[in-house]
Protein chains: 4
Amino acid sequence: MLRVAVAGASGYMGAELLRLLSVHPKVQLTAVTSERLAGERLDRVFPHLRGLSGLTMSELNPSRLADEADVVFLALPHMESQRAVPVLRGQGRKVIDLSADYRLRDATLYGTWYKADHIDAAGLAEAVYGMPELHRKAIASASLVANPGCYPMGAVLATAPLIKSGLGRGEGIVIDGKSGVTGAGAQGRKVEPMYLYTEANENVQAYGIGTHRHTPEIEQELSLVAGAEVRILLTPNLVPMTRGLLATCYARARPNATAEACRDAARSFHEGGLVTVLDGEKLPDTLFVRGSSRAHVAYAKDDRTGFILAMCALDNLARGASAEALQALNVSLGWPDALGLPEVGLFP
Amino acid sequence: MLRVAVAGASGYMGAELLRLLSVHPKVQLTAVTSERLAGERLDRVFPHLRGLSGLTMSELNPSRLADEADVVFLALPHMESQRAVPVLRGQGRKVIDLSADYRLRDATLYGTWYKADHIDAAGLAEAVYGMPELHRKAIASASLVANPGCYPMGAVLATAPLIKSGLGRGEGIVIDGKSGVTGAGAQGRKVEPMYLYTEANENVQAYGIGTHRHTPEIEQELSLVAGAEVRILLTPNLVPMTRGLLATCYARARPNATAEACRDAARSFHEGGLVTVLDGEKLPDTLFVRGSSRAHVAYAKDDRTGFILAMCALDNLARGASAEALQALNVSLGWPDALGLPEVGLFP
Amino acid sequence: MLRVAVAGASGYMGAELLRLLSVHPKVQLTAVTSERLAGERLDRVFPHLRGLSGLTMSELNPSRLADEADVVFLALPHMESQRAVPVLRGQGRKVIDLSADYRLRDATLYGTWYKADHIDAAGLAEAVYGMPELHRKAIASASLVANPGCYPMGAVLATAPLIKSGLGRGEGIVIDGKSGVTGAGAQGRKVEPMYLYTEANENVQAYGIGTHRHTPEIEQELSLVAGAEVRILLTPNLVPMTRGLLATCYARARPNATAEACRDAARSFHEGGLVTVLDGEKLPDTLFVRGSSRAHVAYAKDDRTGFILAMCALDNLARGASAEALQALNVSLGWPDALGLPEVGLFP
Amino acid sequence: MLRVAVAGASGYMGAELLRLLSVHPKVQLTAVTSERLAGERLDRVFPHLRGLSGLTMSELNPSRLADEADVVFLALPHMESQRAVPVLRGQGRKVIDLSADYRLRDATLYGTWYKADHIDAAGLAEAVYGMPELHRKAIASASLVANPGCYPMGAVLATAPLIKSGLGRGEGIVIDGKSGVTGAGAQGRKVEPMYLYTEANENVQAYGIGTHRHTPEIEQELSLVAGAEVRILLTPNLVPMTRGLLATCYARARPNATAEACRDAARSFHEGGLVTVLDGEKLPDTLFVRGSSRAHVAYAKDDRTGFILAMCALDNLARGASAEALQALNVSLGWPDALGLPEVGLFP
């Protein structure tokens, strides 16, 4: 059994990692950390684990974690990961980082969007963006995987096939995203009023228009696919549900692009991966991928205005975070992508 | 007191009319109809009216309604309204129609989008689109008001100021709409699986992309404002909430357009009406207009891609249907727009 | 116009008072206070008031409030009210207190359940429990009204007719309460994890069994009705909805009690008030009283076990708090109970 | 691999069986039936299975099913199961029936509560009530397992330890149940207004008080434990969530009963099973068992009124239906109870 640790286990992404790891046939959870809850039993913090785990939360000590585990998942706030990673890598441990710290290859861009200097240039240089659809080979040999954000996961899975095939234009793609509340508060259990039941329920809230930090991440990956600079506009919306993300992407169609051609491009692009291309007129519902490691993508063409709609539905905590991280683990160890991962979601 | 009747009172728009009429100081409800529930007491059908109304549902008999009321609100399925309107108008009654039957000036367009021939050309020729922001004078003298759909209400309130001022371009506007479940089932109490709690909850569902019947209505009104043909793409999404609609509209900016210039244009455009222009960086939440006769609009500019975002939040049953219909009544009788209407919504 | 002030206007009960006061025909809001948000414009704090109020929040200064208003509503945390009340009463102002500070006639009981000594014995001696169903005359002449808690409101409206008529026994009544999230966090905008959307959604949470502070309040009022000591068990449950409270009360039936006899007793008891007794087999739904100043009560008898079920549905923020406070104001000024209050709720 | 079939696969219990079977290591799904959707591909009916199953729905033909599978799960409406069971048993197949048809040992009782005559007396005589906590040995050798209803599952898991230990009295137990919407509509995708999103959301609805068909089932099993007749009152409530059931049971305490003694009794009773006894003051939340095969039980004692509260939280579709059915399968084949079942639920 591979020994794995989860640092930052008290947040929602951490909880989701624990759920998924509990049924993975080839790994064993050996350590969990939380600054806030160090010293507490894991099954006190998370009653859904009552009687199912004897572990106790400890403070984050990267060196000790390196002794306790072969692979370390970091579900920490950004800036925290880059403090732990050099130690873990220095002791030869493989790291899968769920924070934003290693996603942007360009440290300047990190400074611009995260308002802070990156302190681990060496790590940044070797980190691989953890989307097997784009970087399968690099993930297989990486010592540090930067797990994508949930909006980038949705937006890139939907639009990369269009860009790669040339059916859609890269400039000025509009991405209207709808996310459940865990998407916005996944790093911790945030307690701002907008996340209260009373203020998130029966509400759709637009936020962070044009300034969301997932913007450069999407542009970076789509530009790599295009071989040219891609500019996008990301509009995130908080919708009243716990999990789920729908990325609705509007791209200008190239001549002769049809919905079916887009589906064909997506089927090729996603062959062998954990993405289902919906056919016919079926559109994606987030409920159909809840709790699942799979994403659903679908395409429509509006002849009246010339737009292609590329849509992706996924569970922001599962496929958009923790299941994605386990998929990267599977890929990096040469295991099947879906090993131990739930492909059938919780419906209804 | 003005005597008013509500035909089609058993649906959600009908229920909302009853709520609003119950506190209007100058009207008295004298008749209610429902084919399905004729003969039943209104307060049996709607327990929230228990003890508050002695009326009984009757079958729709336009001629009898014309005797019982001075003004008739029709909250009927489309195709039903156009059967009742000629009779009501023939007997000199003012009609406010909440269906889609009289919204499109061009009967051909009606045929194309509603797959049926319009049977009341005379009514269509005299109907006025019930948006006081665009047709205040015509409403004041109209005998037949065609109440706008909820998406058109949101989309036009947000984008008309851009078109009129020239700050945004009319061609290829993308409207990504998010609606609560009553928006999709407002005419009745529809019982398709997608409206079940179990399948709408924890779900975002895209539907009717590029084919939604509100499309020609939006284009008709924006084209009038522009003095040129406007083409739009409407993407409706069903989100898990009962009421509320957020229209997120993406228009190409003309040079020098700024968010603040858009707000100024909207402030002029909406002066004196029931629309609040949010200032600064505040974005609209649907929760802040729940149950209210007011809509909130807001603007952002993305310099990186050149898009203006024009957003409108409203309650699809109140401002997007029944309160709008009462506002039209107020305008047509020379009363203040907000007379008897709730401007402060139910928060939270 | 009567000048009224709201102290503690930044919480949900405060917001609900503002909504209701905005349409009351005989009052004018002249001052609002909030320690946390002093200096901010009311319509910045609550976007649903944008453009509808020019007031600014101030710090709580009871003496100044007494100058600014004829009647003061206190929507403060408990212990805060008893500091302000003596000053306001000293300056001749009528006070309607929505906190728990003046609900228990016995200061010792206050100490036991609230773990603090009461500091205004004089106020306590003169306060009237603000339930017109039980204390109409006393409210009419009171200078200080203690507005009931939401569970007591529901439990007493349902069970007092049984106790008074002798159809049900007072000892050992079980009250299983189900409340929306604003019920638990109504004083402020609490930010404990159990109130987060992510942890309240898709969840039913039992809390405070046998220890809830509404217990002695219910016992006090039912004991007064019974003329003997009544003991109850209150089990509160948090359910995933914003507003609404269902109190399901189980009382042992006396011989010959029937559901219909209970309804008759309730019809007499509630005659002329703002309570609807549902007849036949209809059971109460919280949705049918959302936003309303009315409560619905219903009765069933289980012959197999000998229990009477007395149920009450109300909106915890409206009938269970702020509308109740306005009803008390109406009663105390000799106005009709329902003056300016919404009797038809927001459905759906 | 054991070949299994699911009859009635188009309802929610069927869907949940499919989810659970998809990861069970020792079974293979070989056939699915649905009268309504015969001829359709399973992954068209349930988009969450897209690309994950090549099966097609067929009409229910018990004889053919007996050829296709070793074990048949019946997720049919009641009265349908008793038509299929004799054929399946006649061909030597093991049947696990999720309907109510074989739960009541007394056919007269079936007639009284289900208003129909039972047509398979032979089956009824041999059926075993599928709760391993009570009938483990009988299940191991049964050819026909009657899977418990969701309320009985919750109520019996919580109260049986009290009855068995004598800490609580059996007469007049009140069971106040709160269920998500799938609990009420689990057999199919019911389309009555009370199950619409618009009418179930933001609502708590009491229904079927004293008349719910789970009543005799609970009484039958508790009477067996007590060795005497037990009478209960069941009050079901529909709460706005998709999954989850909280059974709050009020039993009269025998002298010296304490909460801790109840917990001890429950720990003994549930040893080795899939029930977690919460300790200390922790109360059960339904969210902590969502999607899980485990139930949580907890106890409190109210010294003021002499009641014991016994509570059980479970997922009505998982532990309260389909996971329970798989646990019965595991027990009947001598496999570990939890084999292939998710013990860690989906949180949040």
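Return the loop-located GluC sites (Glu not before Pro) in segment B:279-348 (DSSP other than H, G, I, E, B) with at most 12 other Cβ atoms within 10 Å of their own Cβ; answer none if there are none. Passing sites in segment B:279-348 are B:Glu281.
Which of the three applies to the protein assembly as shown, rounded, prolate or oblate, going by the alpha-carbon gyration tensor with a ≥ b ≥ c and a/c under 1.5 meaning rounded? Rounded.
Once chain A is represented by equal point scatterers at the alpha-carbon sites, with solvent omitted, what log10 I(q)/I(0) does the Debye formula produce at q = 0.07 Å⁻¹? Log10 I(q)/I(0), no solvent term: -0.27. Normalising the average separation of contacting C-alpha pairs (under 8 angstrom, six or more residues apart) by the number of residues puts the relative contact order of segment D:177-290 at 35 percent. A straight Cα-to-Cα reach below 17 Å connects C:Lys282 with the lysines C:Lys301, residues fewer than 8 places away in its own chain not being considered. Listing D:Val95, B:Val289, A:Val174 from fewest to most neighbouring C-beta atoms within 10 Å gives A:Val174, D:Val95, B:Val289. Taking the Cα centre of the protein assembly as shown as reference, the dipole from Cβ charges on Lys and Arg (+1) and Asp and Glu (-1) amounts to some 0 debye.
What is the mean number of Cβ atoms from other protein chains located within 10 Å of the Cβ atom of each residue in peptide A:336-347, rounded to a whole number?
5
Think of it as helices only: each DSSP H run of n ≥ 4 in chain C is worth -39500 (n - 2.57), and spread over all residues that comes to -9000 deg cm²/dmol at 222 nm. Take every pair of alpha-carbon atoms less than 8 Å apart whose residues are at least six positions apart; their mean separation over the length of chain D yields a relative contact order of 17 percent.
Within segment B:85-195, how many Lys pairs that are eight or more residues apart, or on different chains, come under 24 Å at the alpha-carbon?
For segment B:85-195, the number of qualifying lysine pairs is 4.
Simple point charges give the picture: +1 on the Cβ of Lys and Arg, -1 on the Cβ of Asp and Glu, and for segment D:151-318 a dipole about the Cα centre of about 100 debye. This ranking places A:Asp302, D:Asp97 by how few other beta-carbon atoms lie within 10 Å of each, fewest first, which gives A:Asp302, D:Asp97. Counting every other Cβ atom within 10 Å of each residue's Cβ, C:Leu167, B:Leu346 order from fewest to most as C:Leu167, B:Leu346.
A Förster radius of 45 Å, combined with the Cβ-Cβ distance separating C:Ala122 from C:Asp264, puts the computed FRET efficiency at roughly 0.60. Averaging Cα coordinates gives a centre for segment D:122-198 and one for segment D:287-348; these two points are 11 Å apart.
Remark on segment A:39-171: ratio of C-alpha radius of gyration to 2.2 N^0.38 Å is 1.23. Protection proxy ranking of B:74-83, B:106-115, A:73-82, by the mean of other Cβ atoms within 10 Å over each peptide's residues and highest first, is A:73-82, B:74-83, B:106-115. Kirkwood hydrodynamic radius of segment A:151-316 from all distinct Cα pairs, in Å? It works out to 16.1 Å.
Read the figures in this text as sums done on the coordinates, not as results from a lab. Only a predicted model underlies this, so the values are computations on that prediction, with no experimental measurement involved. No Cβ is skipped: glycine too gets one built from the backbone with ideal geometry, and neighbour counts run over all protein chains shown.
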